[in-house]
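Novice: There's a structure below that I have some questions on.
Only the coordinates and a few stated rules stand behind these numbers; no lab work does. These numbers were taken from a predicted model, which means no experiment stands behind them.
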Amino acid sequence: MSAFNRPTIDFLVVLGILGAFIFFMGFALLLPAGIDLIYGEDTWHTFLISAGISLGL
């Protein structure tokens with residue numbers, strides 16, 4: 001394969017997929033935050049902060 005026939009990468013698609021993955025991971029972090037709150041652990045705020053950063057809040 002020569003240098004002129006390389007497939008192009010659509011970076012907008014890659015960034016969209018990564019953004020969706022991070023967004024869903026933010027929602028997934030809400031589950032351990034809720035479980036920590038139910039069990040009275042004091043680390044729930046770390047999950048909530050991480051979820052907020054991932055969700056862009």
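Novice: Pull out the extension gain between I35 and T8, defined as 0.36 nm times the separation in residues minus the alpha carbon to alpha carbon distance; nm, one decimal.
Specialist: 5.3 nm
Novice: Here's something else I'd like to know. Principal axis extents for the chain, Cα atoms only, whole Å, descending order, please.
Specialist: Answer, in whole Å and largest first: 61, 21, 12 Å.
Novice: So what is the calculated 222 nm ellipticity per residue for the chain, using -39500 (n - 2.57) for each DSSP H run with n of 4 or more, over all residues, to the nearest 500 deg cm²/dmol?
Specialist: After summing the helix terms and dividing by the residues of the chain, the value is -22500 deg cm²/dmol.
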